[in-house]
Amino acid sequence: MSKLIVGLHLLAGGALLLSGGLISASAADATLPIFSPDSISAWVPDRPTGDDFLPPGNGPGPVMSIRGRPYVPNGQGQPTYRVADLANPILKPWAVEKMKKANDDVLAGKVPYITRERCWPAGVPGFTVYTRVQPIYFLQTPKQVVILNQLNQQFRHIYLDVPHSQNPKPSWYGESVGHYEGDELVVDTIGLNDKTTVDNYRTPHTDQIHVVERFKMIDGGKTLQAVVTVDDPGTFNMPWSAVQRWRRVEREMPEDICAENNFAFFDYDVVPIPQAKQTDF
């Protein structure tokens, strides 16, 4: 059995390669973009606050910080928690109402819920803003692409050159199909449940959400960019777009398990950390 097949088998089983790093393989066509050509090629957010979306060049954009109160992460000055700008015209009234409660809690001194800090899956497009410092890796084969996030060992399967299922059962990461358009990997995702948030501002969504991501290397391969388009008529008044960027680094993937933490500290009154009802073995 080849190393590539072994690597795919381990990923499908929910485990990651540890000491040997991530095994990556070229796509069938050598002209296609290879995002992680070896076991140490990884991508980390391209700026200190890289776990937030950037606005698009034009048109409706993502929820961002309320004017006059920017988000400041640890290590960049006096840290703050995110307060969402609810005046963004993309939001339907029910979403504004739900997010206002979260805003009010933050302004009252409570610690807000963030997916990665509670060990919950990030969903799509939240996966692309899941972490501020841990890298993502790509495993590419002729039939699928697997994107792995070191933090909490989250990963997504993207099946290439196939249509969507007729009625995919809603799940945490939905059903992602993709294809290459020149030097871009285009990923189309449907079938998401409504348990995740779109971003770190706790923007909700329904199971009607449809996400398209376009991954492309720019700056001579030093930067990875994803242009994300989100359409959810149940939550948003219009489709909107956002940008996320990562810079290339050389870093082997260690085991990074989500630990039970932040359960009852600092007025952290949020949903519980997920727990399995039975062991895996």
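The values are calculated or read from the model by the stated rules, or taken from the named source; none is laboratory data. Because the structure is a prediction, the values reported are computed rather than measured. Virtual Cβ from ideal backbone geometry, glycine too; neighbours counted across all protein chains shown.
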Checklist entry - Taking into account only those residues within region 68-87 that are modelled with pLDDT of 90 or more and charged (D, E, K, R), which is farthest from residue 145 (Cα to Cα)? => result 85
Checklist outcome for this item: Per the list (1) touching a Pro at 6+ places or on another chain (Cβ under 6 Å); (2) modelled with pLDDT under 85; (3) buried (at least 18 other Cβ atoms within 10 Å of the Cβ), residue check on residue 90 breaks on (2)
Item to check | Unmet requirement for residue 100, which otherwise passes all of (1) of a type outside the set (Phe, Trp, Tyr); (2) assigned to a loop (DSSP other than H, G, I, E, B); (3) more than 20 Å from residue 242 (Cα to Cα) | outcome: (2)
Checklist entry - When you scan region 128-176, how many residues do you find that are surrounded by 16 or more Cβ atoms within 10 Å (Cβ to Cβ), part of a loop (DSSP other than H, G, I, E, B) and among the hydroxyl-bearing types (Ser, Thr, Tyr)? => result 4
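Conditions tested, residue by residue: (1) assigned to a strand (DSSP E or B); (2) buried (at least 23 other Cβ atoms within 10 Å of the Cβ).
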| residue | (1), (2) |
| --- | --- |
| 189 | yes, yes |
| 200 | no, yes |
| 220 | no, no |
| 245 | yes, no |
| 255 | no, no |
Item to check | Where a residue in region 204-223 is under 13 Å from residue 35 (Cα atoms) and its partner, wherever it lies, is of a type in the set (Lys, Arg), with Cβ under 7 Å and at least six apart | outcome: 221/248; 222/247; 222/248; 223/245; 223/247
Next on the checklist: Quick check on residue 197: is it touching a helix residue (DSSP H, G or I) at 6+ places or on another chain (Cβ under 7 Å) and closer than 30 Å to residue 106 by Cα?
Outcome noted: yes
Checklist entry - Taking residue 112 and the conditions (1) modelled with pLDDT under 90; (2) under 20 Å from residue 232 (Cβ atoms); (3) part of a loop (DSSP other than H, G, I, E, B), which numbered condition does it fall short on, given that it satisfies the others? => result (2)
Item to check | Top-ranked residue of region 137-158 - restricted to ones that are among the aliphatic types (A, V, I, L, M) and in contact with a Ser or Thr (Cβ under 8 Å, 6 or more places away or on another chain), ranked as farthest from residue 115 (Cα to Cα) | outcome: 139
Checklist outcome for this item: How many residues of region 131-165 are at pLDDT below 95, out of contact with any helix residue (DSSP H, G or I) (no Cβ under 9 Å at 6 or more places or on another chain) and closer than 22 Å to residue 193 by Cβ? The answer is 1
Next on the checklist: Can you confirm whether residue 134 is over 14 Å from residue 201 (Cα atoms), polar (S, T, N, Q) and free of Cβ contacts under 8 Å to residues at least 40 places away in the same chain?
Outcome noted: no
Checklist entry - If you go through region 153-160 one residue at a time, do you hit one that is farther than 23 Å from residue 231 by Cβ, without any contact (Cβ under 8 Å) to a residue 40 or more places away in the chain and of a type outside the set (Asp, Glu)? => result yes
